[in-house]
Structure formats: C-alpha cells, structure tokens
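Just below is one structure, and these are the notes that go with it.
The numbers here are math on the coordinates, done by the rules we state, and not lab data. Computed from a prediction, not measured in an experiment: that's the story for all the values here. Note that we place each Cβ from the backbone using ideal geometry, even for glycine, and neighbour counts take in every protein chain shown.
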Amino acid sequence: MIDSFRCAIRSVGRKRGRTLLTMMGIMIGVTSVIIISNISNCGTAAVCNELDGLGMGGIDISTNANGYNTPELSADELGIVRSVKGVKKAMPLMVINSKVDYRGISSDSIVWGVDSSAKSIVSLNLLYGRFINDMDVNLSSKVCMVDQEFARNVYHRDNIVGKKISISSDQLNDQYEVIGVLKTGSGLLQNVMGNYIPNFIYAPYTTIQEAIGSSNYQQIIVRTDGVSNTDQVEKTIKTVLNQNANTTDGYDATNLAKQKDLLANLLNIVTMILSAVSTISLLVAGLSIMTVMLVSVNERTREIGIKKSIGAKKSAILTEFLLEAAFISLIGCIIGIVFGTLISWIGASFFHIAFSMRYDIMIYVSIMSMATGLIFGVYPAFKAANLKPVDALRSE
C-alpha cells in the first residue's frame with residue numbers, strides 16, 4: 001500500500017501542467033459550491049438579524065373584528081399579557097403610514113408608536129441623543145427617533161438631534177423634534193430594496209393615540225423570556241384575553257419567531273438546492289479526470305507491463321491509479337475550499353455582512369469531490385490493472 005501511495009504521488013507530479021488543469025475543474029466546482037453556501041448562509045443570518053431588529057423575534061397580538069362584539073386592546077389587556085408566564089416584556093404598538101416633510105423634500109414613512117421598552121423589544125441601537133422615555137409617553141410629547149439612513153439622506157450627516165421634521169397623514173399633521181438617531185440595522189434591506197423601503201420614524205404611542213383620538217392600541221408586541229415554549233405562550237395569551245373579553249376568537253396572536261424560522265428554513269432549502277445544482281460542475285470535472293487517467297494509462301502501458309512482469313498484482317495497479325485520481329480530487333478540493341472561503345469573506349465584507357461558514361456544506365462537497373475522483377477513476381484503473389504483461393511490453 002505504501003508503494004502504491006508513493007507511485008500515485010509521483011505520477012501526479014509527472015505531468016504537472018496537465019494535472020493542474022485537471023485539478024482546476026475540481027477546484028472551480030468546489031469553489032462555486034462554497035461561495036453559494038457561505039454567501040447564502042451569511043445572507044440568511046443577516047436577514048434574521050434584521051427581522052429581529054424589527055421585532056420579528058416575538059409575538060404580535062391584535063384583535064379580530066366580528067359583527068357582534070369587537071374586543072379592545074387597552075391598558076387592561078396589556079397588563080394581562082404582561083402577567084402571562086413566559087412573557088418577558090410587552091409593549092403597545094401603533095402604526096401609521098404617513099408623509100415626512102424635511103427641507104422641502106417629502107417621502108413615504110411608517111410612524112411606529114412605541115414606549116420606553118422599544119429599545120429592547122425591537123432591538124433598537126442608539127447612535128446619538130436618547131430613547132423615548134416614560135415622561136415622553138406620559139406627556140404625549142411630539143418627539144421622535146429616526147434612523148441613521150434617514151439622517152444621512154436629509155442632512156448628509158448622522159447626528160441630527162434637535163432638528164424638527166413635519167409628519168403628515170390623515171390623522172397626524174404636526175412637527176416633531178428629533179431626540180435620537182438609531183443605527184439602521186445591518187443595512188441589508190436598504191441595500192437590497194433601495195427606495196422601496198420607507199423611512200422608519202419612532203414616536204410615543206400616546207402621541208399617536210392623541211392624534212387619532214383613540215385610547216386603545218392597534219397591536220401589542222411581546223418578547224418572550226427565551227426559555228418558555230413560544231407556541232405555548234402564544235396559546236396562553238389568546239386564551240386569557242378571550243376569557244377576559246368573554247369571547248372565543250376575539251384576539252389573534254401571531255408567532256413572529258416562527259415566521260422568522262420558517263423564512264430561515266426556506267432560505268436554507270434554497271441554499272441546499274443551489275449547492276446541489278452547482279455540484280453538477282464536479283461531474284464535468286470528473287469526466288476530465290477520467291480522460292486524463294485514460295491518457296495516463298496509454299502513456300504508461302510499458303511501465304505497467306514491467307511492473308506486472310516482476311510480480312505486481314492487479315490490486316496494486318488498481319490501487320495506484322485510484323489513489324492518483326483521489327489525490328487529484330483532494331488537492332483540487334482543498335484549493336477550491338480555500339478560494340471559495342476567501343471570495344465569500346471578501347463578498348461578505350463588501351456588503352458589510354457578518355461572515356460565517358457552512359461546515360456541513362464543506363464536508364459534503366469534500367465527500368462529493370473525492371467520490372467523483374474515485375468513481376471516474378475506476379474505469380481507467382481497471383483498464384490498467386487488466387493489461388496483459390506481454391501486450392503491455394510490446395507497446396511503443
């Protein structure tokens with residue numbers, strides 16, 4: 001076996017140019033698989049983080065209107081939700097589509113009415129100024145927080161604390177003072193969707209209630225404790241709220257964490273499909289390996305005859321050629337993994353996405369490339385092993 005290893009390594013280095021070109025087929029196939037899997041993995045993680053920043057990691061509670069009795073979401077219901085086991089925090093939420101006017105420019109915006117717990121429930125990261133506090137909520141202050149992208153588009157700088165913007169809609173029509181500038185998440189959605197993503201403005205929910213003349217909430221956003229079963233918490237919230245309102249289906253609770261997980265699973269399936277499709281290039285590389293090995297058998301026919309005449313067994317010849325095909329695949333696979341990882345890292349850095357690798361895909365593509373080399377190396381190896389010594393020695 002050791003002699004077979006030595007002969008296989010020596011044969012790989014004999015025709016270096018031809019061997020290198022054959023390795024490049026495997027390398028390109030492996031590189032494409034690694035790039036697709038790594039970039040898809042990074043994109044999935046970035047999308048999930050972005051959705052977490054929008055509150056997609058919790059439970060969204062709303063009402064179901066019916067013809068006889070439409071339940072309410074008020075301070076009483078908020079207190080009930082907060083008392084449910086497994087609920088870490090709960091926040092009232094008001095949402096209004098509006099226009100924001102600033103320096104003579106008007107743009108579509110979504111105004112989120114929140115309270116002081118928004119920084120932890122929807123994962124807001126403050127860059128400048130301060131968050132909305134309890135005093136702002138109690139006084140229904142006309143203050144707001146904007147994101148970093150909004151500040152740059154308007155004033156071409158990040159810190160615009162103290163500036164005033166005009167928010168107008170069917171219910172809102174007033175000026176609001178900017179008290180904080182928030183980090184614009186990973187920037188992924190803005191980079192991908194561009195102008196299709198509206199500006200996000202955050203104001204005290206009581207200010208929105210006062211403007212539309214309502215004391216109720218549109219929604220309640222819940223953040224679980226991370227230990228309890230989210231599905232069970234969702235069912236418990238619906239049950240206690242319906243019991244309190246003396247109804248059976250007056251409230252609806254949407255498990256946003258489950259929706260996020262479903263999206264992540266869908267993206268993972270897409271990644272696996274694209275990775276599987278890209279492995280087709282490994283089959284093409286396998287054909288080139290078989291071609292090169294057949295040429296090698298023809299070139300080394302006399303050498304094979306000499307080995308057989310001095311006692312080399314069929315198994316030894318077979319092993320030598322199979323190991324040669326395996327070495328070509330292995331070296332090409334290693335180079336492909338290195339290049340694929342490097343290109344993936346550069347791509348993730350360019351889009352400012354945290355880089356992460358799919359080690360399972362790396363193992364999968366390594367097994368596939370080795371299997372490809374061995375499978376397509378079987379025929380040339382059998383052809384070499386079955387050569388008759390007399391015929392082999394007569395060849396020129």
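I need 258, 307, 383 ordered by Cβ neighbour count within 10 Å, fewest first.
On the way: 258 13, 307 21, 383 18.
Ranking 258, 307, 383 by Cβ neighbours within 10 Å, fewest first, gives 258, 383, 307.
Given Cα pairs under 8 Å that are at least 6 residues apart, what percent is the relative contact order of region 65-249?
Details: 340 pairs, mean separation 60.2, N = 185.
Dividing the mean separation by the residue count of region 65-249 yields 33 percent.
Take region 65-249, compute every pairwise Cα distance, and split them into 5 Å bins from 0; I just need the percent in each bin.
Reading the bins upward from 0: 1, 8, 15, 18, 18, 15, 12, 8, 4, 1, 0.
Could you sort the peptides 200-213, 280-293, 229-242 by per-residue average Cβ neighbour count (10 Å cutoff), highest mean leading?
On the way: 200-213: 20.6, 280-293: 19.0, 229-242: 17.4.
Answer by packing, highest mean first, reads 200-213, 280-293, 229-242.
For the peptides 36-47, 350-361, 146-157, 370-381, what is the packing order when you average, over each peptide's residues, the other Cβ atoms within 10 Å and list the highest mean first?
Working: 36-47: 21.6, 350-361: 14.8, 146-157: 17.9, 370-381: 20.1.
Final packing ranking: 36-47, 370-381, 146-157, 350-361.
Neighbouring Cβ atoms within 10 Å as the yardstick, rank 329, 62, 315 fewest first. Working shown, then result.
Values: 329 30, 62 15, 315 11.
Ranked by crowding around the Cβ, least crowded first: 315, 62, 329.
I need 181, 114 ordered by Cβ neighbour count within 10 Å, fewest first.
Ordered by Cβ neighbours within 10 Å, fewest first: 181, 114.
Could you tell me which of rounded, prolate or oblate describes region 218-376, using a ≥ b ≥ c as the square roots of the eigenvalues of the alpha-carbon gyration tensor, with rounded for a/c under 1.5 and, failing that, prolate when a/b is larger than b/c and oblate otherwise? Each step should come with its number before you reach the end.
Values: a/c = 4.90, a/b = 3.40, b/c = 1.44.
Prolate.
Of the listed pairs 119/142; 88/164; 119/258; 88/258, which have alpha-carbon separations greater than 27 Å here? Show your work: numbers first, answer last.
Values: 119/142 19 Å; 88/164 34 Å; 119/258 22 Å; 88/258 17 Å.
From the list (119/142; 88/164; 119/258; 88/258), the Cα-Cα distance tops 27 Å for 88/164.
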